[in-house]
Amino acid sequence: MNSTNNISAAELPGTARNMVTVDDVWAHDPISLGTDKDSLRQAVVDHFERTLGRDIDHAAAHYLYKAVALSVRDRMMEHWLVTRQAVESSVPRHTCYLSMEYLMGRALRNAVHNLDLQDELSRALEELGLTMEKAELLEADAGLGNGGLGRLAACFLDSCASLALPVTGYGLRYRYGMFRQSIDNGFQVERPDNWLHEGHVWELERPELSCHVRFGGRVELITELNGNVIHRWVDTDDVRAVPFDVPVPGYQNGIVNTLRLWNSTATDEFNLHEFNAGGYTEAVAAKNAAENISMVLYPNDASENGKVLRLRQQYFLVSASLQDALRIWLLQNEDFEGFAEAHCFQLNDTHPSLAVPELMRLLVDNHRLPWDDAWSITTQVMAYTNHTLLPEALECWSLDMIGALLPRPTEIIQEINRRFLEEVASAMPGEHQKQAEMSIVSFDAHPVVRMAHLAIVGSFSINGVAALHSKLLKEGLFANFNQLWPARFNNKTNGVTQRRWLAYCNPGLTTLLDDTLGAQWVGRMEELERLKPMADDPSFQARWMAVKTANKQSLAALVEDRTGIQVSADMLFDVQVKRMHEYKRQLLCTLHAVHVYLDLLEGHDHEPRFVLIAGKAAPGYYMAKSIIKVINNVAQVINNDKRTADRLKLVFLPDYNVSAMEVICPAADLSEQVSTAGKEASGTGNMKFMMNGAVTIGTLDGANVEILEAVDHENFFQFGLTVDEVDGVRRGYAPSAIIARDARLKRIFEAFDSGLFDAGEAELVRSVIDAARSPHDAWLTVADLPDYLDTQARVEASWKQPAVWTRKSIMNTACSARFSTDRTMQDYNRDIWRLQSIELPDREID
Ligand code: 26Q
């Protein structure tokens, strides 16, 4: 920026009413930073020497990444400022996406491509004797999420920025993200993910926008002179919330949206109070308690009930984010007239559902709105997305615990519930059972707050994440609510961003698509349909398979690097990567590998196959961890057998994360999506694989149903029980009878019973295998196994005919347009958010 400018940090936008405008800033700095090769090279050198104080010839590798990232960040800054001002000052409506998780992965490659810097920057680095690839690998993954839900939030942000939608992400800046997984003697071992230890180039701390969040204390009733009774929440332990902003660049459109992550620190007042009481150590300990809130991501992808720290995290996110939204509103408005029309808060599952009582509290207690006005606003702005059908994953908090931690929000929850139950009683007179079922606070001796009910009652929109999932929500879990408020329920099928999950992670295929279709497909996925006529063209097929083979070689290198196991790119790459969970049935895939292995030993030939499994188990989920051990035991036997070495390999790849998936999904031939029907809400890995030309073997579950609809049976290997069949099979389920009548199953289970895969852990292995053989197995693994083995045989028969297989592969990519989050975001925007796209000031964008 020009040195003559006279704008101080305190005057920057968002801090005061007399805001500096973009035009003011640019009047001082009319010349944007150069994006040509020479400017970029100079920028990298300057950052090495001036920002980082290193000598380019002798700098530790990490500084190379940092200097490159800072140079890219500089070029994002002015776009960020312009976008922020456009959003805060001129868009009529804005969405705040509230999520406990954002699984962003690495940022550099995405930023470089979205700013269209890749060619010039590569050339600049080449002149410095460096490469982009090398720089990129030095960035730590931002793993602030568990899996599907967190990555979905990241894909949403990318698509919103790319569509110029005014959407801000709000989340927590966890000091430790998703744990790092290593495998020791076949067992999962967790290590902390200290992802910030070398600093995080992409975040900007904004202490001037900090706010306080209250905990504990008690509620005082005060009668004012006019007779009004007001509630004062007093004697609280306050925590300071400090925002760190992360830029979210759109795809070559000049937009840079914001992900605002809250960091918790102690407040000065709080310390002072303790110090005055002479309690130095208590004060330091209290500071710890405050800082603890954003310390660590809970590594469960199904709710872990009852942990007070988790509740503190949820309220901290919600309170800080809503205070922020109200602060911004009040910069330009005197009251809350028009607030509802200008906002939407999208709740990513029930985790932020305390937003409902918190917005009420802020409006009623702090801003003195009458209850009915505040409720009208709240129910016009909140929208809830459900991500699970598993009843055990529905969040409930003990009323006692919430009441102690959050006394005033709890009173508000109870008042919301009282009014809601009145409404139910008049809409469904005499149906006491239903009233009890629907109540936000359960009617038990030890009442719990049902967070899904709180979210539903407070929201104008409730959506599931795939067509089947949304239908099952309406018919099952939320049937009573659907009867009361049918218009609130809707479906928004998930997607993935084709930029990260195709264009950037699969440059080989991108080049082929660019050559064939023109580069505009990246912004308009429907263009991929034009591949269909080429699906049988031998020369196109040859190019297609050459790309796939090269990608398989890259994955093979990663596998060898991490596990020492060598696999050939000629093998069928059969991949199941996702969180470890019984319902996802990694066991099916493993049992099939055992089947193939035993076949080979008996002299029946098979096509060479590489089975890759990866995923993390929640540290407290004993069964999921045991399954990892079983997979590793089986892998150990198979991979050490010279007789089958050129035919079969089974690998459990440790530490699955976003960056690993960027290497895995371009290399897969077969995508395993084999959950018990009715259990997987949507799945999104299924979409990443499909886009990259993998063929799915899958059950009719989640978004698999829509993938099948898009590609047709010819290009999808469907098997297994349907949702409608599952309950029938459960009654009188006798897995041992199914095993007894199928020689293949008998042989598999006998191999386990023989101790072949025990590796000194007979009891553990037996517990996993016996669970699958139990009539109480909720996941019906054995019920689906015969059809699964048959279907794998059909897979192999197709794989034997390269032209047939390649056609399926091409058709999968060709039909993947509807699984872009660009489509998903347009659906949310049409039906829920109703945002206008951001209009940037009329000036040239590089
Ligand atoms: C809740 C309370 C306490 C501790 C942890 C949690 C918790 C955290 C994460 C509960 C659930 C999650 C994550 C759930 C998740 O990832 N669900 C997946 O969401 C995807 C995106 O919609 C779907 O595609 C998957 O089907 C669904 O399993």
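The values are calculated or read from the model by the stated rules, or taken from the named source; none is laboratory data. The structure displayed is predicted, hence computed values, not measured ones. Quick reminder, even Gly has a Cβ in these numbers, built from the backbone with ideal geometry, and neighbours come from all protein chains shown. Note: areas computed on protein heavy atoms with side chains; ligands, DNA, RNA excluded. Shrake-Rupley method; radii C 1.70, N 1.55, O 1.52, S 1.80 Å.
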Just to verify a result, which residue in the range 312-323, among those that are within 15 Å of the ligand (Cβ to nearest atom) and not hydroxyl-bearing (Ser, Thr, Tyr), is surrounded by the most Cβ atoms within 10 Å (Cβ to Cβ)?
LEU317
Residue check, GLY685 against (1) under 16 Å from ARG794 (Cα atoms); (2) under 18 Å from the mean Cα position of the chain (by Cα), all met but one. Which one?
(1)
Anything in the range 544-555 that is buried (at least 20 other Cβ atoms within 10 Å of the Cβ) and within 26 Å of the chain's Cα centre (by Cα)? List them, or say none.
ASN551, LYS552, LEU555
Just one of the numbered conditions (1) in contact (Cβ under 8 Å) with a residue 24 or more places away in the chain; (2) among the polar types (S, T, N, Q); (3) open to solvent by 60 Å² or more (accessible area, probe 1.4 Å) is not true of ASN114; which one?
(3)
Can you tell me how many residues within the range 578-601 are among the aliphatic types (A, V, I, L, M), in a helix (DSSP H, G or I) and closer than 13 Å to VAL768 by Cβ?
4
Residue ID - farthest from the chain's Cα centre (by Cα), chosen from residues in the range 234-270 that are of a type in the set (Ser, Thr, Tyr) and open to solvent by 10 Å² or more (accessible area, probe 1.4 Å):
THR236
All-but-one check, GLU415 against (1) within 15 Å of the ligand (Cβ to nearest atom); (2) open to solvent by 20 Å² or more (accessible area, probe 1.4 Å), failing number (1)
Could you count how many residues in the range 761-780 are polar (S, T, N, Q), part of a helix (DSSP H, G or I) and within 22 Å of GLY720 (Cβ to Cβ)?
0
Looking at the range 819-831, is at least one residue within 30 Å of LEU512 (Cβ to Cβ) and without any contact (Cβ under 8 Å) to a residue 24 or more places away in the chain?
no
Provide a single number: the residues in the range 452-475 that are within 16 Å of the ligand (Cβ to nearest atom), in contact (Cβ under 8 Å) with a residue 40 or more places away in the chain and more than 18 Å from ALA436 (Cβ to Cβ).
12
Identify, please: which residue in the range 290-311 is part of a helix (DSSP H, G or I) and within 13 Å of ASN263 (Cα to Cα) and is, among those, nearest to the ligand (Cβ to nearest atom)?
ASN292
Residue check: is ALA569 without any contact (Cβ under 8 Å) to a residue 12 or more places away in the chain, surrounded by fewer than 23 Cβ atoms within 10 Å (Cβ to Cβ), among the aliphatic types (A, V, I, L, M) and away from the ligand (no atom under 16 Å from the Cβ)?
no
I'd like the full set of residues that are within 16 Å of the ligand (Cβ to nearest atom) and open to solvent by 10 Å² or more (accessible area, probe 1.4 Å), limited to the range 495-513.
ARG500
In this structure, is ASN633 farther than 21 Å from LEU780 by Cα and either open to solvent by less than 10 Å² (accessible area, probe 1.4 Å) or in contact (Cβ under 8 Å) with a residue 60 or more places away in the chain (or both)?
yes
Looking at VAL45, VAL68 in this structure, which one is in a helix (DSSP H, G or I), buried (at least 18 other Cβ atoms within 10 Å of the Cβ) and either in contact with a helix residue (DSSP H, G or I) (Cβ under 6 Å, 6 or more places away or on another chain) or at pLDDT below 95 (or both)?
VAL68
In the range 324-352, what residues are within 16 Å of the ligand (Cβ to nearest atom) and not in a loop (DSSP other than H, G, I, E, B)?
GLN346, LEU347, ASN348
Count of residues meeting criterion [open to solvent by 20 Å² or more (accessible area, probe 1.4 Å) and within 21 Å of ALA803 (Cα to Cα)] in the range 516-540:
10
Criterion first (open to solvent by 40 Å² or more (accessible area, probe 1.4 Å) and modelled with pLDDT under 95) does GLU220 satisfy it?
no
Per-region count, the range 107-159, residues part of a helix (DSSP H, G or I), more than 16 Å from the ligand (Cβ to nearest atom) and hydrophobic (A, V, I, L, M, F, W, C):
9
Among the listed residues ASN333, ASN305, which satisfies the condition of being more than 22 Å from the chain's Cα centre (by Cα) and open to solvent by 40 Å² or more (accessible area, probe 1.4 Å)?
ASN333
Name the residues in the range 458-470 that are open to solvent by less than 10 Å² (accessible area, probe 1.4 Å), part of a helix (DSSP H, G or I) and hydrophobic (A, V, I, L, M, F, W, C), would you?
none
For the range 390-403, name all the residues that are surrounded by 14 or more Cβ atoms within 10 Å (Cβ to Cβ), at pLDDT 95 or above and in a helix (DSSP H, G or I).
LEU399, MET401, ILE402, GLY403
Filter result for the condition that a residue is assigned to a helix (DSSP H, G or I), over 22 Å from the mean Cα position of the chain (by Cα) and touching a residue at least 40 places away in the same chain (Cβ under 8 Å), over VAL705, VAL729, VAL663:
VAL729
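A quick yes/no check of all residues on (1) open to solvent by 10 Å² or more (accessible area, probe 1.4 Å); (2) closer than 21 Å to LEU780 by Cα; (3) touching a helix residue (DSSP H, G or I) at 6+ places or on another chain (Cβ under 8 Å):
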site: GLU560; (1), (2), (3): yes, no, no
site: THR590; (1), (2), (3): no, yes, yes
site: ASP605; (1), (2), (3): yes, no, no
site: LEU612; (1), (2), (3): no, no, yes
site: GLY620; (1), (2), (3): yes, no, no
site: LYS629; (1), (2), (3): no, yes, yes
site: LYS642; (1), (2), (3): yes, no, no
Looking at the range 793-800, can you tell me whether even one residue there is in contact with a Gly (Cβ under 8 Å, 6 or more places away or on another chain), β-branched (Val, Ile, Thr) and over 25 Å from PHE187 (Cα atoms)?
no
Given the criterion assigned to a loop (DSSP other than H, G, I, E, B) and closer than 28 Å to VAL356 by Cα, identify the matching residue among TYR170, TYR174.
TYR174
Check the range 365-380 and report whether any residue there is open to solvent by less than 10 Å² (accessible area, probe 1.4 Å), more than 16 Å from the ligand (Cβ to nearest atom), under 30 Å from LYS471 (Cβ atoms) and at pLDDT 95 or above.
yes
Which listed residue is part of a strand (DSSP E or B) and buried (at least 21 other Cβ atoms within 10 Å of the Cβ), from LYS688, LYS649:
LYS649
Which residue, of GLN826, GLN792, is at negative phi, under 26 Å from the mean Cα position of the chain (by Cα) and in a helix (DSSP H, G or I)?
GLN826
